[in-house]
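Engineer: For reference, the structure I am asking about is given below.
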Amino acid sequence: MHASTRLRLRFTSLLAAAWVLLSLTTGPAADEPKPVDAAGVEFFEKNVRPVLVKHCYSCHSHAGGKMRGGLALDSRSGWEKGGDSGPAVVPGKPDKSLLIQAVKHASADTKMPPKEKLSAAEIDTLTEWVRRGAPDPRVLAKSAGAEEWWSLKPLVKPEVPGKNLGHPIDAFVHAKLREKQLTPSPEADRRTLVRRVTFDLHGLPPTPEEVEAFVSSRDPQAYEKLIDRLLASPRYGERWGRHWLDVVRYGDSRGNEHDGFRESMWRYRDYVIDAVNTDKPYDRFVKEQIAADALFPEDAALTAALGFLAAGPDVLSGSDDTIRDEFVTTTMSAFASTTAHCAHCHDHKFDPISQADYYALQAVFAGVQRRDVTIDLDPTVRATRAKWTALKAAAGKGDRGALLTPEVKEVVAGWEKSLADKSPRWQAIHPKSATATSGAAIEVRRDGSVLVAKSAADTDMYTLTIPGPIADARLLRLELLPDPALPGGGPGLGGGGVFALSELEVVQFTSEKDKGSKVGFKSSQSDVASKDTPVSRVHDGKEDTAWTGGELKSRKARTAVFELGKPLTVPAGGRLEIVLKQRQSGKLIGCFRLSVSDQALSPYALLPAAVAEALAVPAEKRSDDNWLSLAVHALPVVADEEVKRLPLPTSFHVVAGSLPHEGKVSAPRTINILRRGNAGKPIGPAKPGALSCVTALKPRLEPERAKSEAALRIYLADWLCDRNNPLTWRSIVNRVWHHHFGRGIVDTVNDFGRMGGLPSHPELLDWLACEFRDNGMSLKKLHRLIVTSATYRQAASPNAAAQKVDADNRLLWRMNRTRLDAESYRDAVLAVSGRLDLTPGGPGVLQFEVKPGFNTTKLANYEAVNWDAPGVARRSVYRFIFRTRPDPFMSALDFPDASQYVPVRPTSVTPLQALVLFNNPFVLHHSDHLARRIAKDEPDAGAQVTRAFRLTLQRAPTSEESADFTEYAKKHGLAAACRLLLNSNEFLFVE
Amino acid sequence: MSRTTSATPLASRREFLWQCGGGLAGLALGDLLVRDGLAAEGSPRPELNGGLHHPAKVKRVIQLFMNGGASHMDTFDYRPELQRRSGEKVGGGTLFGSPFTFKQHGQCGRWVSSAFPHQARHVDDLTFLRAMHTDNSVHGLSSYMMNTGFALAGYPCMGSWVSFGLGRLSENLPAFVVLPDKVGMPYNGEGNFSSGFLSAQHQAAVVRAGDKTPIPDLFADGRHPFATKEADRDGLDLLRKFNQTHRDRDPSDTRLDARIASYELAARMQCSAPEAFDLTRESDKLQRAYGIGDRVTDDVGRRCLLARRLIERGVRFVQVWSGHDGASNNWDNHGSIATGLKAQADKVDQPIGALIADLKARGLFADTLLMWCTEFGRTAHSQGTGRDHNGNCFTVWLAGAGVKPGHAHGQSDEFGAKAAEGRTDHHDFHATVLHLLGTDHTKLTFRHNGIDRRLTDVHGTVIREILS
């Protein structure tokens, strides 16, 4: 070992040791480095390492690509964690160390190496090493080399080659070309350019007028102005927002067996489109998606950004570990182009990412989960709702302190004023006859009240007959009235005026001959509530239960209101019979009155007795108890009315902890590092943090900060957006480059690790990353920079010589030809046929006919959709993405499974795709529209063909093409000719 | 992915295309469909009988999938102890003996219940895995596992992996065809036959067997009168010419050639597919044997017969589903085994019996694998008169090339509640099917998001005990 290497090892070990001390918490430090003394290192390096390398590494190391039984012996953490049978070495205790047992072939089960036993000297060496406490400096072996890997190297802005003349991108690209004696292609013609850049930035073709304007412009700034116009249009965000939705696996349904619709997922989609259109600085875009609630609590609309981790499918399997795994995967793939998820079950096999790092990331997400939330975005509305909710709660609790305030009195006064308007109009019903089964005399008085002054009977049944017409009665009121004629003043005939009503029945007869039908009650209430004998007893169908109106003390009147099952209308000639059954001995009713109202049940139908009494007292003379009674009753009524007036709150589907408006603080849970990712085998608690291989940044959060859930995500957001994070800035500029050129400078845009691709132009990538980071993190600036380069503007034409040297065009001696993706194809067809509806935003458009299914998952018929129905022909980014019922048309054009990460869209060529493009009703229908659109303005067949070419291909046909297509159109119709153009390679590919 | 090159002479091919009405003439021949740079390591090798890594026993596969979790103890896994002790309270539930009667069948003396009289006749051709188990007892997750090897959405299914690894046997038909139940899709819908991160060329062609248009978009529908046969024929000619001129400006871009060729292949599919889908070309006797024409068996019968016709014509992998999602008309017999399972069994048994006999009679078992699968089994305890989900044990069978006839591997416990001996799971099952196709499941990989993905994740052992 070279001295310098050893020095560095020791140095990093010491650093690591210091770090461990700083961040030490209780519980085993599962995978953190430990200091090793020099003698120990020497013993290990001289004696132990050679044995391990020679005999063990082939089956138990990252380099060997195998970890049999889950055991790696190429790092200290490897044997500390051990394999399936547990730790392989117990430092200081050879006889307790499985490794030593195994090499001694002590047990028949584990003999290692299996085929050939080590020499006695080698066994002794290992035993001695364990006895010495197993000094092992190899912990950081992989991280030590981390910065040698291109993507982890600190970001330093390279010099632009040459003398800073011309466009910097061209300087980098042309320098590489020169190395291979290649020359760039000439600039593409203007028609090609305008087509290219419009599809690139908008996902749509330019109109013939736009082509003409650009082609014929003499303005030297014409191209720059074109770019400015395209970037300023909302069409730009729709196109580039969709690229981001691929990264997060956006879908509008849950996936899986019960693939229900997520009705509010689209708010995240609209958030992304809006963020792109408004050129939100990229760091802000990152931070909002990870921690908008924690960082920008005042802006509730940003809750939509938290759809980032919720946009993918539901994860139903296994433990929370699996769910957090998705969070880690999504976050690190999207923002850092890093495959941290590969270290879920073991240290990353290829990249310097330990399992401890992986679980540090999981721990960041320890307090969040998938949620549906509703929020008032307007703070005033939110405050209003909160105020009424609190007042209602205070009323529920009878909280004197909160209720006896001037404000509440004012609310009560307002309510009192409204009573006249809002109380139902009652109409007393005058019975034509009233009889008692007992034969007792019944007097019907002028005000409709009924008096049975005395009765010899013990129990009785009164029947009142009321003639029609009665129109639209919805409520029935029964008043039990005191009367001086009654014992104790009434309202009952019992001692002290008590009464008991067993059943109240209403029977309607629509005519004389009608046999009558019973009218049901939907609900009932009484002015004095009683738990023991509630008024509902009079319509419970049981004659042995009764309503007694509670205790009758000072106030003798009792009122009950019944809500009729359905509005009651009795025609003239018909009648109503109301029967009061009284089965309790000696508690007959003495005086009562019935009324009806045609108004619906409301909180104003019946005032509780205490409220009525308080109202009877003039405001200035009311006692606190009066006010309290009024407040307890009126506040919930007014609160419900006020809340109903508020705009509906906004729904979001997000991954979050408690949100700011909920007024709670979630505490993160402890996340355990799991042996081989197995939830049943925790090794020890993980410390929240990120990747140790990014050495410029603090890899773990300080324990005191780690107590707040919000702080965890703020830490990760800051870690990602730190200017010294080498991954983030390289990741985003490479993504953007990928979409402009059809291929990234690194072609594995989600993987900058050792198994990913290498950058074709590393200096250019770093220069762009720095330029982007240091100039406002503006995507629009980056686009402008890229598309104004000669590299972007060059032609895609072939060049046999260059082909031989660089067939793949990695060095960009020409522009790449790219095929339209599914959305661009569909949108382009809609656009050229004049059918594209540019309405932005809102709930996903169902471009299928939907029917109930056999479970939650609905049936979707894509062939039955009516493209001409209003609101259907919207841009594809707004279509509803139904995970388990994908649109076969879009799938044929490589729209991916919406449950997968799609850093790069594949472009396939299949016979089924040809069939779909040739025969699918969408294409045929719009071929027809395109033909009609043209024929409306152009009577001449030849001119029609020219127009069709200009609309679809942005150019006029050659004379031969014109002749061919005109002849064809004459024979088979213009629509048939349009169908061919929409199937042509020239339409499908952008040069 | 296209590996077969047509050797039909130009003139007769042209005539052939004219005749079948697709109409396209004089196109460049050849194996032009580009592989999009996403190919698995190596390609099928003739000296390995089309295998990727070792000689292939199997070239094509028909998978029958009983959606809902087909009960093993009521069909192929006779548990005498369960029958004897039916009604006893054991382990927190009541043992529920099968309402069906069991008899031994064939030379091998395999026990089969009275629910499957037709399949019972063929037990000497079948190999059973009777100790299958899975981590999960939820339809969606277990169906994903059985189809894609993962419990999460978005992974490629076995048919897509086979298409990706081995490609087509014929250019005229898709490599991978799915025949869903006439009434509806299984749990997870098309997620079960997703090509996941594999390219769209490995997507399943979902064919609606009973429909007037079994392959959507094979032909233009009648709503667009301008899309006549003649317009198609002349149009494809003009399109080819137009595309050819465009392509000649850059001959280096093979995608342009591939797109031109794809229309020719599409036309050939237009010609081949209707013939393949036309079951009336089979004798009345055979149609009747499959149960076609009988209300109960017609749908599955048609799809089983179609499956045979498709693999005969070079489709690599055909999946035939029995049952749709939801609580009825599938194998999720919580409510009643005696009636619910029986009704479902009646739909499939005769057609499957006929398919086995037909494949055998035609010598197709020489290189065809037939498999009967489900996502999990059911409990030994009763749930009223039905059974609940049980991932701890289920039965699948395989038949045809490369597997032992009249064999059974693995045992469930005395009640059929758990896989006991010779336990195997979906990873082992997938590894075995790939093995039979001449493919090492650890080597058939696709790099996605930083991981070399496999059908078998990081698991799976070939079940050598059942290989012939």
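Engineer: So which residues in the range B:309-343 are crowded, with 24+ Cβ neighbours inside 10 Å and assigned to a helix (DSSP H, G or I)?
Structural biologist: B:310, B:311, B:337, B:341
Engineer: On to the next question. Hey, among the residues in the range A:765-779 that are under 10 Å from residue A:730 (Cα atoms) and touching a residue at least 40 places away in the same chain (Cβ under 8 Å), which one's surrounded by the most Cβ atoms within 10 Å (Cβ to Cβ)?
Structural biologist: A:768
Engineer: Here's something else I'd like to know. Given the residues A:812, A:830, A:838, which is the only one that is more than 30 Å from residue A:178 (Cβ to Cβ) and either without any contact (Cβ under 8 Å) to a residue 24 or more places away in the chain or over 26 Å from the mean Cα position of the chain (by Cα) (or both)?
Structural biologist: Criteria check complete, one pass: A:830.
Engineer: In the range A:811-845, how many are within 13 Å of another protein chain (Cβ to nearest Cβ) and either among the polar types (S, T, N, Q) or touching a His at 6+ places or on another chain (Cβ under 9 Å) (or both)?
Structural biologist: Summing the residues that are within 13 Å of another protein chain (Cβ to nearest Cβ) and either among the polar types (S, T, N, Q) or touching a His at 6+ places or on another chain (Cβ under 9 Å) (or both) in the range A:811-845 gives 2.
Engineer: Against the definition (buried (at least 23 other Cβ atoms within 10 Å of the Cβ) and within 21 Å of residue A:652 (Cβ to Cβ)), how does residue A:340 come out, yes or no? It would help to see each step written out before you state the result.
Structural biologist: Numbers: buried (at least 23 other Cβ atoms within 10 Å of the Cβ): yes; within 21 Å of residue A:652 (Cβ to Cβ): no.
Judged against the criteria, residue A:340 is not a match.
Engineer: Same structure again: Output the number of residues of the range B:263-282 satisfying the condition of being touching a helix residue (DSSP H, G or I) at 6+ places or on another chain (Cβ under 9 Å) and away from chain A (no Cβ under 11 Å).
Structural biologist: Going through the range B:263-282, the residues touching a helix residue (DSSP H, G or I) at 6+ places or on another chain (Cβ under 9 Å) turn out to be B:263-271, B:275-282.
Subset that is away from chain A (no Cβ under 11 Å): B:271, B:275-282.
Going through the range B:263-282 one residue at a time, the tally reaches 9.
Engineer: Another question, then. Just one of (1) within 27 Å of residue A:280 (Cα to Cα); (2) touching a helix residue (DSSP H, G or I) at 6+ places or on another chain (Cβ under 7 Å) trips up residue A:836, so point out which.
Structural biologist: (1) is the only condition that residue A:836 fails.
Engineer: State yes or no: is residue B:182 free of Cβ contacts under 8 Å to residues at least 24 places away in the same chain and either under 22 Å from residue A:899 (Cβ atoms) or more than 8 Å from chain A (Cβ to nearest Cβ) (or both)? Spell out the reasoning first.
Structural biologist: On the way: free of Cβ contacts under 8 Å to residues at least 24 places away in the same chain: no; either under 22 Å from residue A:899 (Cβ atoms) or more than 8 Å from chain A (Cβ to nearest Cβ) (or both): yes.
Spelling it out, it is not the case that residue B:182 is free of Cβ contacts under 8 Å to residues at least 24 places away in the same chain and either under 22 Å from residue A:899 (Cβ atoms) or more than 8 Å from chain A (Cβ to nearest Cβ) (or both).
Engineer: Looking at this structure, is residue A:971 surrounded by fewer than 24 Cβ atoms within 10 Å (Cβ to Cβ), at the interface with chain B (Cβ under 8 Å from one of its Cβ atoms) and assigned to a helix (DSSP H, G or I)?
Structural biologist: Values: surrounded by fewer than 24 Cβ atoms within 10 Å (Cβ to Cβ): yes; at the interface with chain B (Cβ under 8 Å from one of its Cβ atoms): yes; assigned to a helix (DSSP H, G or I): yes.
Yes.
Engineer: I need a count of the residues in the range B:262-306 that are closer than 24 Å to residue B:345 by Cβ, of a type in the set (Gly, Ala, Ser) and assigned to a loop (DSSP other than H, G, I, E, B).
Structural biologist: Number of matching residues: 2.
Engineer: Would you check which residues across the range A:791-810 are away from chain B (no Cβ under 11 Å), assigned to a helix (DSSP H, G or I) and either on the phi > 0 side of the Ramachandran plot or surrounded by fewer than 20 Cβ atoms within 10 Å (Cβ to Cβ) (or both) and list them? I'd like the intermediate steps shown before the answer.
Structural biologist: Of the residues in the range A:791-810, the ones away from chain B (no Cβ under 11 Å) are A:791-794, A:801, A:805-806, A:810.
Pick out the ones that are also assigned to a helix (DSSP H, G or I) and you get A:791-793, A:801, A:805.
Result: A:801, A:805.
Engineer: While we're on this one: Do the conditions hold for residue A:925, that is, is it more than 10 Å from chain B (Cβ to nearest Cβ) and surrounded by fewer than 22 Cβ atoms within 10 Å (Cβ to Cβ)?
Structural biologist: On the way: more than 10 Å from chain B (Cβ to nearest Cβ): no; surrounded by fewer than 22 Cβ atoms within 10 Å (Cβ to Cβ): yes.
No, not satisfied.
Engineer: Is at least one residue of the range B:83-98 touching a residue at least 24 places away in the same chain (Cβ under 8 Å), buried (at least 21 other Cβ atoms within 10 Å of the Cβ) and under 27 Å from residue B:297 (Cα atoms)?
Structural biologist: Yes, some residue in the range B:83-98 is touching a residue at least 24 places away in the same chain (Cβ under 8 Å), buried (at least 21 other Cβ atoms within 10 Å of the Cβ) and under 27 Å from residue B:297 (Cα atoms).
Engineer: I'd like to know if the range A:295-309 contains one or more residues that are surrounded by fewer than 21 Cβ atoms within 10 Å (Cβ to Cβ), within 18 Å of the chain's Cα centre (by Cα), of a type in the set (Val, Ile, Thr) and away from chain B (no Cβ under 14 Å).
Structural biologist: no
Engineer: List the pairs whose first member sits in the range B:416-434 and is farther than 17 Å from residue B:135 by Cβ, whose second member is outside any loop (DSSP other than H, G, I, E, B) and hydroxyl-bearing (Ser, Thr, Tyr), and whose Cβ atoms are under 8 Å apart, counting only residues at least 6 apart or on separate chains?
Structural biologist: Close Cβ pairs satisfying both conditions: B:420/B:412.
Engineer: Scanning the range B:113-149 for residues that are touching a Phe, Trp or Tyr at 6+ places or on another chain (Cβ under 6 Å) and away from every other protein chain (no Cβ under 14 Å), which turns out nearest to residue B:427 (Cα to Cα)?
Structural biologist: Among those residues, the one meeting the criterion is B:132.
Engineer: Still on this model: Check B:276, B:266 and return the single one that is more than 29 Å from residue A:967 (Cβ to Cβ) and buried (at least 20 other Cβ atoms within 10 Å of the Cβ). Lay out the reasoning, then the answer.
Structural biologist: On the way: B:266 fails: more than 29 Å from residue A:967 (Cβ to Cβ).
Sole residue among the options that is more than 29 Å from residue A:967 (Cβ to Cβ) and buried (at least 20 other Cβ atoms within 10 Å of the Cβ): B:276.
Engineer: While we're looking at this one, here's another question. Taking the condition of being free of Cβ contacts under 8 Å to residues at least 12 places away in the same chain, in contact with a Leu (Cβ under 8 Å, 6 or more places away or on another chain) and more than 7 Å from chain B (Cβ to nearest Cβ), how many residues in the range A:948-968 meet it? I'd like the intermediate steps shown before the answer.
Structural biologist: Of the residues in the range A:948-968, the ones free of Cβ contacts under 8 Å to residues at least 12 places away in the same chain are A:956, A:958-960, A:963-964, A:967.
Subset that is in contact with a Leu (Cβ under 8 Å, 6 or more places away or on another chain): A:964.
Filter once more, so that each one left must be more than 7 Å from chain B (Cβ to nearest Cβ): none.
So the answer is 0.
Engineer: Name the one entry in A:667, A:686, A:690 that is within 24 Å of the chain's Cα centre (by Cα), surrounded by 23 or more Cβ atoms within 10 Å (Cβ to Cβ) and either in contact (Cβ under 8 Å) with a residue 24 or more places away in the chain or under 30 Å from residue A:156 (Cβ atoms) (or both).
Structural biologist: Working: A:667 fails: surrounded by 23 or more Cβ atoms within 10 Å (Cβ to Cβ); A:686 fails: within 24 Å of the chain's Cα centre (by Cα).
The unique qualifying residue is A:690.
Engineer: Out of A:896, A:939, which single residue is within 30 Å of residue A:259 (Cα to Cα) and either at pLDDT 95 or above or in a loop (DSSP other than H, G, I, E, B) (or both)?
Structural biologist: Values: A:939 fails: within 30 Å of residue A:259 (Cα to Cα).
Only one candidate qualifies: A:896.
Engineer: Just to check your reading of the model, which residue among B:250, B:234 is under 28 Å from residue A:925 (Cα atoms) and at the interface with chain A (Cβ under 7 Å from one of its Cβ atoms)? Give the derivation first.
Structural biologist: Details: B:250 fails: under 28 Å from residue A:925 (Cα atoms).
Of the residues listed, the single one that is under 28 Å from residue A:925 (Cα atoms) and at the interface with chain A (Cβ under 7 Å from one of its Cβ atoms) is B:234.
Engineer: Do you know which residues across the range B:355-391 are among the β-branched types (Val, Ile, Thr) and crowded, with 18+ Cβ neighbours inside 10 Å?
Structural biologist: Of the residues in the range B:355-391, the ones among the β-branched types (Val, Ile, Thr) are B:356, B:368, B:374, B:379, B:385.
Matches in the range B:355-391: B:356, B:368, B:374, B:379.
Engineer: Hey, another quick one. Among the residues of the range B:200-233, count how many are more than 30 Å from residue B:300 (Cα to Cα) and either in contact with a Pro (Cβ under 8 Å, 6 or more places away or on another chain) or among the charged types (D, E, K, R) (or both). Walk me through how you get there before you give the answer.
Structural biologist: Going through the range B:200-233, the residues more than 30 Å from residue B:300 (Cα to Cα) turn out to be B:223-233.
Checking the rest, the ones that are also either in contact with a Pro (Cβ under 8 Å, 6 or more places away or on another chain) or among the charged types (D, E, K, R) (or both) come to B:223-224, B:229-230, B:232-233.
Residues flagged as more than 30 Å from residue B:300 (Cα to Cα) and either in contact with a Pro (Cβ under 8 Å, 6 or more places away or on another chain) or among the charged types (D, E, K, R) (or both) within the range B:200-233 amount to 6.
Engineer: If I ask for residues that are at pLDDT below 90 and out of contact with any Pro (no Cβ under 6 Å at 6 or more places or on another chain), which ones from the range B:234-256 would you list? Before the answer, list the steps.
Structural biologist: Taking the range B:234-256 first, the residues at pLDDT below 90 are B:251-255.
Matches in the range B:234-256: B:251, B:253, B:254, B:255.
Engineer: Of everything in the range B:214-229, what is touching a residue at least 40 places away in the same chain (Cβ under 8 Å), at the interface with another protein chain (Cβ under 7 Å from one of its Cβ atoms) and either of a type in the set (Phe, Trp, Tyr) or part of a helix (DSSP H, G or I) (or both)? Give them in sequence order.
Structural biologist: B:219
Engineer: Out of curiosity, is residue B:239 part of a helix (DSSP H, G or I) and within 7 Å of chain A (Cβ to nearest Cβ)?
Structural biologist: Working: part of a helix (DSSP H, G or I): yes; within 7 Å of chain A (Cβ to nearest Cβ): yes.
Considered against the rule, which asks whether it is part of a helix (DSSP H, G or I) and within 7 Å of chain A (Cβ to nearest Cβ), residue B:239 comes out as yes.
Engineer: For residues in the range A:871-898 being facing chain B (nearest Cβ under 8 Å) and among the polar types (S, T, N, Q), which is nearest to the chain's Cα centre (by Cα)?
Structural biologist: A:884
Engineer: Considering only residues that are within 30 Å of residue A:366 (Cβ to Cβ) and β-branched (Val, Ile, Thr), which ones fall in the range A:606-658? Step through it out loud before you land on a result.
Structural biologist: Of the range A:606-658, the ones within 30 Å of residue A:366 (Cβ to Cβ) are A:649-658.
The answer is A:650, A:654, A:655.
The values are calculated or read from the model by the stated rules, or taken from the named source; none is laboratory data. Since we're looking at a predicted model, the values are computed, not measured. As a convention, Cβ positions derive from the backbone with ideal geometry for all residues, glycine included, and neighbour counts pool all protein chains shown.
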